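Colleague: One structure coming up, written as structure tokens, with questions to follow.
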Amino acid sequence: MRPFSYQRATSLDEATRLLADPSAVPLGGGTDLLVCIEEGISAPTTLVDLRFVDGGDEISWSARSGLRIGAGARLHDIAREPRMRDEFPALAEACEVVGSPALRNMGTLGGNLCQRPRCWYLRRGVPCLKNGGTTCHARDGENQHHAILDGGPCYIVHPSDPAVALTALDAKVELTSRDATRSLRIAEFFALPRDRMDQETVLLPGEIVSAIVLEPASAGGRQLYRKLMQRGAWDFALASIAAVRRTDGNVRIALGGVAPRPWRAPESVEEDVASGGLDEDSIAALAERALYDVEPLSKNGYKVSLAASLLRDAMRELVA
């Protein structure tokens with residue numbers, strides 16, 4: 001491990017000023033970053049601690065603008081916040097199944113969205129596409145946990161649970177740099193490997209996630225988050241699903257563990273689920289149509305069955 005310096009920021013302005021240095025890296029809970037440093041896939045010269053940024057972990061509500069979650073909010077606090085469990089239960093449930101209690105008490109929402117993939121080739125320093133190599137070793141190698149949708153030329157899957165729920169909730173991500181703050185839909189926040197290989201988001205140099213915003217239209221209705229794991233707990237998703245039937249009747253469905261970013265179901269499928277009146281044959285047909293573009297690798301075909309099962313169960317709950 002290379003030596004690095006430590007800086008503690010107490011305001012967002014100070015944090016973005018320090019992070020304007022290209023060799024500086026933001027530190028939230030550190031549950032992924034410190035592992036990345038130890039594994040050699042991150043080599044900062046300066047860590048900028050965001051845990052003491054004034055208001056960085058605040059959760060605030062507004063009838064007009066909705067819910068604003070500071071990127072420094074702990075996953076445990078989000079999962080246990082009573083109003084969150086009432087109005088955005090899909091997000092609360094997703095935060096509640098991240099890792100272990102210790103990780104949820106340390107990990108922040110912003111850090112969770114920006115964590116690196118758990119591909120064993122990347123993490124072990126194998127010269128893959130993300131490590132400066134010329135090929136994705138998972139394509140024809142050990143690919144049990146890799147992508148079945150939106151893959152290529154790299155087949156990572158994004159490991160975040162909250163990101164899947166936030167995609168179904170159509171959240172906005174607030175990004176702040178030294179010069180400006182911008183806001184974009186979470187579907188635009190994640191980048192596919194075919195678009196950029198150096199990271200999994202559209203964050204620009206010196207830019208950080210400062211907050212997540214959920215609009216009033218996404219509150220309430222019928223919401224769920226489900227996660228299938230190899231172990232009974234404290235594990236990453238083999239496949240997961242977030243599904244929302246909003247109070248206006250619109251449906252949003254997103255899958256996790258199957259693609260390099262949270263994967264949104266086709267709009268036509270969501271519209272048919274929203275129409276209601278579905279019998280078992282219709283539900284099975286819609287789940288199959290949702291996965292029409294699936295392309296499993298040699299050892300992860302089981303994920304197709306898992307995803308289809310999650311889709312069918314979610315559709316039953318949404319139309320019940």
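All of the numbers you see were taken from the coordinates with simple rules; none came from a lab. Computed from a predicted structure; not experimentally measured. Glycine gets a Cβ as well: all are built from the backbone with ideal geometry, and neighbour counts include every protein chain shown.
Colleague: Once you sort the root eigenvalues of the Cα gyration tensor of the range 199-320 as a ≥ b ≥ c, which label holds: rounded (a/c under 1.5), prolate (a/b larger than b/c) or oblate (the other case)?
Modeller: oblate
Colleague: So, one more: Provide Rg over Rh for the chain; use the alpha carbon set for both Rg and the Kirkwood Rh (inverse mean inverse pair distance).
Modeller: Computed over Cα atoms, the ratio is 0.96.
Colleague: Hey, another quick one. Would you mind working out the magnitude of the charge dipole of the range 1-135 relative to its Cα centre, with +1 at each Lys and Arg C-beta and -1 at each Asp and Glu C-beta, to the nearest 20 Debye?
Modeller: 400
Colleague: Please work out how much length the chain gains when fully extended from residue 279 to residue 302, using 0.36 nm per residue of separation minus the C-alpha to C-alpha distance, in nm with one decimal.
Modeller: Gain on stretching residue 279 to residue 302: 5.8 nm.
Colleague: Quick test of the membrane-span-like rule: which DSSP H helices of the chain reach at least 18 Å along their long axis (C-alpha atoms) with mean Kyte hydropathy at least -1.0?
Modeller: Those that clear 18 Å and a mean of -1.0 are 302-319.
Colleague: Neighbour counts of other C-beta atoms within 10 Å: give me 280, 81, 200 arranged from fewest to most.
Modeller: Ascending number of Cβ neighbours within 10 Å: 280, 81, 200.
Colleague: Something else: List the aspartates and glutamates whose Cα sits under 20 Å from the Cα of residue 130, skipping any in the same chain fewer than 8 residues away.
Modeller: Hits, sequence-local ones excluded: 32, 38, 39, 140, 142, 150, 195, 198, 200.
Colleague: Okay, next question. What length, rounded to one decimal in nm, is gained on full extension from residue 288 through to residue 62, with 0.36 nm per residue of separation minus their alpha-carbon distance?
Modeller: Length gained, residue 288 through residue 62: 77.4 nm.
Colleague: Using the beta-carbon distance between residue 217 and residue 124 and R0 = 51 Å, what value does 1/(1 + (r/R0)^6) give for FRET efficiency, to the nearest 0.05?
Modeller: So, using R0 = 51 Å, E works out to roughly 0.70.
Colleague: Could I ask something else about it? With each run of n ≥ 4 DSSP H residues scored as -39500 (n - 2.57), what mean residue ellipticity at 222 nm is computed for the chain after dividing by its residue count and rounding to the nearest 500 deg cm²/dmol?
Modeller: Roughly -8000 deg cm²/dmol at 222 nm, from the helical runs in the chain.
Colleague: If you take the charge dipole of the chain about its Cα centre, with +1 on Lys and Arg Cβ and -1 on Asp and Glu Cβ, which of 89, 302, 243 is farthest toward its positive end?
Modeller: Farthest towards the positive end: 302.
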